[in-house]
Amino acid sequence: MTELKQRQVGTITQPRLGPTGWARWAWRQLTSMRAALLLLLCLAVAAVPGSIWPQRNIDAARVADYLQRHPLAGPWMDRIGLFDVYASPWFAAIYILLLVSLIGCIGPRTMHYARAYRAAPPRPPRHLDRLEAHRRVQVPGTPQEVVHRTRTILGRRHYRTHAYDEHSISAESGHLGEAGNLLFHASLALIVIAVAAGHLFGWRGDAIVPEGQALTNTLSSYGTFSPGPWVDTERLAPFTVRVDSMRATFEEQASGAQFGAPRVFTATVTASDGPGDPTRRTKLEVNKPLSLPGAKAFLLGNGYAPVVTVRDGAGKVVYRDATPFLPQDNNYRSTGAIKVSGLPKDRQLGFTGLFLPTATIEARIGPTSLFPALKNPALVLTAYEGELYPGGRPQNVYTLATDAMTQLRQPSGDPVRIWLTPGSTVQLPGGRGSITLESVSRFAGLSVRHDPAKPFALIGAIGAMLGLTFSFTTRRRRVFVRVMPVVGGAETTPMTIVDFGALAKGGDPRLRAAVDRLISDLFGTERERS
Amino acid sequence: MTPRVLESYSTLSLYSAIAVFTVAMVAFATGLAWRVRTASASATATDAAVAPRQDRPARSAADGIAYSLTWLAAAILAAAVLLRALAVMRVPWGNMFEFTTTGSLAVVLTFLVANLRWDLRWSGVFVVGPVLLALGMAVTVYYTAASQLLPSLRSYWLVIHVSVAILSVALFSLGAVMSLLFVLKSRSTRRSTGSRILAALPDTTTLEGTAYALHIVAFPLWTFTLVAGAIWAEQAWGAYWQWDPKEVWTFVIWVVYAAYLHARATSGWSREASALLALAGYVSILVNYMVVNVYFVGMHSYSGM
Ligand code: HEM
């Protein structure tokens, strides 16, 4: 500050700042309350687009769909990060600046607070009647007695008091409020840091597990696995979770939009911390995750896994498995693929189509499901023959890549259409064998997550709430008192004139009432004594 | 009684409450008109330079009647909410219709309880009016038949998170009313083309102070809503924060109100500009409720609409 002034005096034109001067100026701007305000508003505005446009981290399929439907604007929107708002550089810039501002502001304020906490309240101003609240009263007693009494009363009301001379008092209250404010801001910083750490060190794996099958905690057994950049994927805890059974029920009574809404999702699972460790059997429900070593498993989805058997022309079983079909709507119209790879390479079989728990055929849209529960289940498929994995490329489990395959047709030339109900079998044309729907089981959609920084985020959240409560329930007030003897009064007892002046930080509608209360206390002690 | 019967009694109570609220609003409006008359009468008298200063216009009987009617209407509305809860055997905030009715009840009760401490009856029209509007929306746009909850809503966090959210929104609503009146009044005072209604309201300092007092109670409650929501999300979906549209807006609302509190404490900002931020916060609440709940796709899209 002084440096700046001197330069201004030296040159009549603009003040010239050296690099350090500029840096200091920028730092002061950034850590000012005005900057915090501006950044907060930026953050609020910047967060909104992420709720309007689909986001990759939530639903990548919807983003792809949006891009397809908006070929012109879409790629540009993608370039400026509108589909990854919360991972975009501009969003990061705002919260990093805010974090820096926050930390740069907490430091000096804590020092200042520590100093102010030890220092005495300031000297009373000359004109108490110019303060926000002012009262003048006359009480019996000598000035010394009145000062002593007033100081006791202020102390009882949690004011810190100091007397610079024998006819005045300076008092201050509400230091806890300032401490609360600091705790609040420090906790916010902790939360931001914990969220960042969670991104760096956390991981998440999602898997679809049919009844009777198990999930082991290795990269390959997850459908998708998203590790943070600093996760060592070689060292995952070796736990397993077996899905024994999956139960789901749906609303059958209510009408309207609630009809068919899900009511209960429960998976019964057997978990083990590692090979050879004891197993435990528990229920996994939507709001009741399962704790595993270093991770938690959540039940996030469910659906049907038809158990299908495929036989070759000689009647030998070439495929038998519970094959999950992914629900596409609230009535569990599900899509999936059955890949019979245990056959000679160019004669492999692939089936793709729908599983319908309550099947019906609607005129316009064809086969669909009317209700999510198994009322009239049907598996509706078309069949292909050829090479399932051309070039050995990995592919989506739930769709069939038909580039190297040809569709099976009836001798009449119509494509083969298979409609299976539980227990029924359909023969494939040309003596290729048959396909049977044995039964329908369910699958559980499990999500396993690890976030080592979670406890810190929680501590931050609790600290922020405590800090706010302290800050808002404490009034930061200063009260000054000055006494004057009444000279030449007719009374025999000495009388004293007391001036009260008070001010509060940030506007305090109850300041006057607080002064009045002090005064009534002052008279109250008088009454008690007489 | 069967759930269907309970539900029909609940609906009947709701319509009765709307009727009583309407009468209460007319009474409040009459009381306000009374204040406007006495205020302008004393203003003319002040010109004569000898008029006795009247800090508070004479309370009219209309205010008293309106206040009692509001208690009555609140009791009937409470019965409607309770009957609904009995019909569904759970907390009465599982869909938009239930949020709206329970939220309206919270606004009215907060207003009535605040009145035990401060005399806010002059603001009755500005509270009961919007409540009637919300109840009207509830019965026409948001009506949902009584039914059970989705599995993800079955958690005691529903009770904690949503009840605090409703209380907090009720306080923000009253705060928004005060902030709005403050902005209108301070503008009209500055242009000295003051409307007579605004002139009859308490002075700008009182309006602003009341708004602030309401906001600093509401803000920590909203902070709690945010934290409780995150804890619940962690249990239900496995991640405490994933920027789902509903989470985004809860956060936006929180940030805008934090900005309001900052603006109010920053010396460079006028009280009026800060109040505009508070109103921006309330607009975010309304967007969150009426737009995000219904039109945006996210994990919270189970409002039953
Ligand atoms: C993450 C960003 C921030 C948020 C969400 C935030 C939020 C808040 C809130 C809600 C309050 C009012 C509560 C209270 O009085 O305890 C407040 C007050 C305050 N904030 Fe911040 N703040 C942030 C950043 C900052 C920064 C960077 C500064 C430093 C300049 C700052 C300085 C202050 C001060 C001095 C007060 C006290 C105001 C008063 O006396 O009432 N804040 N902040």
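Observations
- 0 to 90° range, to nearest 10: angle between helix B:245-265 axis and chain B longest Cα axis: 30 degrees
- Cα-Cα over 32 Å, subset of A:Lys288/B:Lys246; A:Lys339/A:Lys375; A:Lys345/A:Lys375; A:Lys375/B:Lys246; A:Lys505/B:Lys246; A:Lys283/A:Lys375: A:Lys345/A:Lys375; A:Lys375/B:Lys246; A:Lys505/B:Lys246
- A:Arg476 long-range amide H proximity, modeled H, under 5 Å: A:Lys505
- The alpha carbon radius of gyration of region A:171-281, expressed as a multiple of 2.2 N^0.38 Å, is 1.74.
- Chain B: C-alpha gyration tensor shape, a/c 1.5 cut-off, then a/b vs b/c: oblate
- Take each residue of peptide A:289-300, count the partner chain Cβ atoms within 10 Å of its Cβ, and average: the result is 2.
- Residue-averaged 222 nm ellipticity for chain A, from DSSP H runs of 4+ at -39500 (n - 2.57), nearest 500: -10500 deg cm²/dmol
- Crossing angle, helix B:124-140 versus chain B [Cα axis fit, 0-90 degrees, rounded to tens]: 30 degrees
- When Rg and the Kirkwood radius Rh are both evaluated on Cα atoms of region A:19-113, their ratio Rg/Rh stands at 1.17.
- Residue-wise HN-Hα couplings along region A:217-234, as the Karplus relation 6.51 cos²θ - 1.76 cosθ + 1.60 with θ = phi - 60° gives them from phi, are 7, 10, 3, 6, 8, 8, x, 10, 9, 10, x, x, x, 10, 9, 8, 6, 6 Hz; Gly and Pro carry x.
- Cα centroids of region B:201-272 and region A:326-380: 48 Å apart.
- Gain in span if fully extended, A:Val100 to A:Arg247, counting 0.36 nm per residue against the direct Cα distance: 48.0 nm
- Computed 3J(HN,Hα) for region A:455-472, one whole-Hz value per residue from the Karplus formula 6.51 cos²θ - 1.76 cosθ + 1.60 where θ = phi - 60°, is x, 5, 4, 5, 4, x, 5, 5, x, 4, 5, 4, x, 4, 4, 4, 4, 8, glycine and proline marked x.
- Look at the stretch A:29-40: the mean tally of other chain Cβ atoms within 10 Å of its residues' Cβ atoms is 4.
- Inter-part distance, region A:406-455 to region A:177-220, computed on C-alpha centroids, equals 37 Å.
- Inter-chain Cβ neighbour average for residues A:445-452, partner chain, 10 Å: 2
- From phi via Karplus (6.51, -1.76, 1.60), per-residue ³J(HN,Hα) for region A:36-49 in Hz, x at Gly/Pro: 4, 4, 4, 5, 4, 5, 4, 4, 4, 5, 5, 6, 5, x
- Computed over the protein assembly as shown, the alpha-carbon pair-distance distribution with 10 angstrom bins reads 2, 10, 16, 19, 18, 14, 9, 6, 4, 2, 1, 0, 0, each value a whole percent.
- In degrees, nearest ten, helix A:19-30 long axis to first principal axis of chain A (Cα): 80 degrees
- Near the amide H of A:Glu251, within less than 5 Å, lie the amide hydrogens of A:Gly260, A:Ala261, A:Arg263, all on another chain or at least 5 residues away, with H placed in the peptide plane.
- Taking amide H positions as modeled 1.01 Å from N, with prolines and chain starts lacking one, the residues under 5 Å from A:Asp321 and 5 or more places away or on another chain are A:Val308.
No lab work stands behind these numbers, since they all come straight from the coordinates. Worth saying up front: this structure is predicted, and the values here are computed from it rather than measured. Methodologically, a virtual Cβ is constructed for each residue, glycine included, from the backbone with ideal geometry; neighbour enumeration extends over all protein chains shown.
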